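Enquirer: First, the structure itself, so that you have it in front of you.
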Amino acid sequence: MISVLTGATLVDGTGATPVPDAAVVIDGDRITAAGPRAALSWPADAQVVDARGRTVIPGLIDAHDHLASHGYGLATRWGLDEPASTAHLRTARVLAETLAMGYTTVRDGGGLDAGFKLAVEQGLIPGPRLVLAVQIISPTGGIGDRVTPSGHDCCAAYDPLLPDSVANGPDAVRDVVRTMVRAGADVIKTATTGGASSRPGHGPLDAAFTLGEREALVAESHALGRRVMCHALGGPGLRTALEAGVDTIEHGCYLDEDPTLLGQMAVQGTFFVPTLTVYVYHRESPSPHVRERAAALYPHHVASVRRALELGVPIAAGTDAGGHGHPRNALEVKYLVEAGLSPMQALRAATQWAARCLGLEHQVGTIEKDRLADLVVVNGNPLDDITLLLDPARIELVYKSGVICADRRVTPP
Ligand SMILES: [Zn+2]
């Protein structure tokens, strides 16, 4: 079955000048042609969707989310404060809502088990295409080690789909990487520093793992064909993560403090996933130590994004949502514009650049021949007002692999 979107302004994700009165031809799950309507043709019996006055953009991508997280409280994170079935259904609703806002691909940075990916692939629940990390690998005391302030470990039942992710020493680190891959990890997530919300005593500039442990993690991940996404905010843990050759730096708030780091990222092609959204949230955190850390890092973070842009470091949009609830994922695109990206750059950070960050650039991220037909039809032009992407009423149509999975059209154009 061939369908054609006609009349919309095409913003294809490549950075090319928008094409007014365009057409996008879809055959099954793929795009077969996209460009000026007058230059394209299609069979007479094709299904035509009139999208005049609208803008069509690639399906959006969040490169750092935690879809199964529903709060920072330990009881919540351990799954103690509600039945597992209730929590899973809550997660399924987040998946559906995320897709309906035009997010057709999400890289989950930990906490979402492989069963959700199976459920989406089998059509049991609606949701984005998923790239899973399963769990965050850290040493004892790192952010993957979820103990109470009194030092107690979790008492919840062991879940083989969310295996223990604490490892000490290169051999144990290799073993945990293999365990994550066995549990369905598409990408390996690690943390070489603390964060804003981590326990007092393990903050943004405090390191986790030795260089030898990090190198073992990267070597084993790459040997198994997995990229490494590394939570690293600043200090020696950030520098040695780059030395060890991780593929993406998540957060990277203090990259501006050492002028050589972003240069090294540009040369190595290391992606920068700033996740501004989570730090805007943490500036209002009820925990004083979290609030203080977030306020201190924010100006550095914005300076890091600006410098990265100047040096050509590839940037991908990620919200780090979950702990702080599940706000609209496009908040990150808005914050990237506020940090200095043009609307076109911010849109590419959530489409083409994010697809490259995930290694999916030949499948998704742009509206080009042979890509999967992941498309969003926006009422209005997000390049004129990026906040349109936050308004459900403006996200009129969402296609994932050629199938319409959200349709909010009320009046024909
Ligand atoms: Zn995260």
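The values are calculated or read from the model by the stated rules, or taken from the named source; none is laboratory data. Not measured: the values here are computed from a predicted model. Glycine gets a Cβ as well: all are built from the backbone with ideal geometry, and neighbour counts include every protein chain shown.
Enquirer: Which residues, counting only those in segment 44-102, are farther than 19 Å from Leu132 by Cα, without any contact (Cβ under 8 Å) to a residue 24 or more places away in the chain and of a type in the set (A, V, I, L, M)?
Expert: Of everything in segment 44-102, those that are farther than 19 Å from Leu132 by Cα, without any contact (Cβ under 8 Å) to a residue 24 or more places away in the chain and of a type in the set (A, V, I, L, M) turn out to be Ala44, Ala75, Ala84.
Enquirer: In addition: Looking at Val376, is it in contact (Cβ under 8 Å) with a residue 40 or more places away in the chain, in contact with a Leu (Cβ under 9 Å, 6 or more places away or on another chain) and aliphatic (A, V, I, L, M)?
Expert: Working: in contact (Cβ under 8 Å) with a residue 40 or more places away in the chain: yes; in contact with a Leu (Cβ under 9 Å, 6 or more places away or on another chain): yes; aliphatic (A, V, I, L, M): yes.
Against the criterion (in contact (Cβ under 8 Å) with a residue 40 or more places away in the chain, in contact with a Leu (Cβ under 9 Å, 6 or more places away or on another chain) and aliphatic (A, V, I, L, M)), Val376 qualifies.
Enquirer: Hey, does segment 128-140 have a residue that's among the hydrophobic types (A, V, I, L, M, F, W, C), surrounded by fewer than 20 Cβ atoms within 10 Å (Cβ to Cβ) and within 28 Å of Leu390 (Cβ to Cβ)? Show your work before the answer.
Expert: Filtering segment 128-140 down to residues among the hydrophobic types (A, V, I, L, M, F, W, C) leaves 130-134, 136-137.
Narrowing further to those that are surrounded by fewer than 20 Cβ atoms within 10 Å (Cβ to Cβ): none.
Looking for residues that are among the hydrophobic types (A, V, I, L, M, F, W, C), surrounded by fewer than 20 Cβ atoms within 10 Å (Cβ to Cβ) and within 28 Å of Leu390 (Cβ to Cβ), one finds none in segment 128-140, hence no.
Enquirer: Among all residue pairs at least 6 apart or on different chains, which show Cβ distances below 6 Å where the first residue, located in segment 393-407, is within 19 Å of Arg52 (Cα to Cα) and the second is polar (S, T, N, Q) and crowded, with 17+ Cβ neighbours inside 10 Å?
Expert: Pairs found: Arg394/Asn379; Glu396/Asn379.
Enquirer: Since Gly79 meets every condition but one in (1) buried (at least 16 other Cβ atoms within 10 Å of the Cβ); (2) at pLDDT 95 or above; (3) assigned to a loop (DSSP other than H, G, I, E, B); (4) away from the ligand (no atom under 16 Å from the Cβ), which condition does it not meet?
Expert: Result: Gly79 fails condition (2) only.
Enquirer: So how many residues does segment 235-269 have that are in a loop (DSSP other than H, G, I, E, B) and within 16 Å of the ligand (Cβ to nearest atom)? It would help to see each step written out before you state the result.
Expert: Applying the first criterion (in a loop (DSSP other than H, G, I, E, B)) to segment 235-269 yields 235, 245-247, 252-254, 258, 269.
Checking which are within 16 Å of the ligand (Cβ to nearest atom) leaves us with 246-247, 252-253.
Total meeting the criteria: 4.
Enquirer: Those residues that are outside any loop (DSSP other than H, G, I, E, B) and more than 29 Å from Met1 (Cβ to Cβ), I need them from segment 355-382; list them, please.
Expert: Arg356, Cys357
Enquirer: Another question about this same structure. Pairs please, first residue from segment 336-354 and on the phi > 0 side of the Ramachandran plot and modelled with pLDDT under 95, second anywhere and in a loop (DSSP other than H, G, I, E, B) and buried (at least 24 other Cβ atoms within 10 Å of the Cβ), Cβ atoms under 8 Å, 6+ apart in sequence or on different chains.
Expert: none
Enquirer: Okay, next question. Consider only pairs whose beta carbons are under 6 Å apart and that are at least six residues apart or on different chains; among these, list those whose first residue lies in segment 217-235 and is farther than 29 Å from Arg293 by Cα and whose second residue is more than 16 Å from the ligand (Cβ to nearest atom) and modelled with pLDDT under 95.
Expert: Matching pairs, first to second residue: none at all.
Okay, residues lined up against (1) among the charged types (D, E, K, R); (2) at pLDDT 95 or above; (3) under 29 Å from Thr148 (Cα atoms):
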| residue | (1), (2), (3) |
| --- | --- |
| Glu220 | yes, yes, no |
| Gly237 | no, yes, yes |
| Gln264 | no, yes, no |
| Phe272 | no, yes, no |
| His282 | no, no, yes |
| Val302 | no, yes, no |
| Val305 | no, yes, no |
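Enquirer: Another question, then. Look at segment 285-334 and say how many of its residues are assigned to a loop (DSSP other than H, G, I, E, B), within 19 Å of the chain's Cα centre (by Cα) and within 16 Å of the ligand (Cβ to nearest atom).
Expert: 10
Enquirer: Collect the residues in segment 351-369 that are within 16 Å of Arg107 (Cα to Cα) and touching a Pro at 6+ places or on another chain (Cβ under 9 Å), keeping them in residue-number order.
Expert: Those that are within 16 Å of Arg107 (Cα to Cα) and touching a Pro at 6+ places or on another chain (Cβ under 9 Å): Thr351, Gln352, Trp353, Ala355, Arg356, Cys357, Val364, Gly365.
Enquirer: Additional query: Which of (1) at pLDDT below 95; (2) closer than 18 Å to Pro274 by Cα does Ala241 not meet, given it meets every other one?
Expert: In the conditions (1) at pLDDT below 95; (2) closer than 18 Å to Pro274 by Cα, Ala241 misses (1) alone.
Enquirer: Could you grab me the full set of residues in segment 48-68 that are assigned to a strand (DSSP E or B), under 30 Å from Ala114 (Cα atoms) and either within 16 Å of the ligand (Cβ to nearest atom) or among the basic types (Lys, Arg) (or both)?
Expert: Within segment 48-68, the subset assigned to a strand (DSSP E or B) is 48-50, 54-58, 60-65.
Applying the additional criterion that residues be under 30 Å from Ala114 (Cα atoms) yields 57-58, 60-65.
Within segment 48-68, Ile61, Asp62, Ala63, His64, Asp65 qualify.
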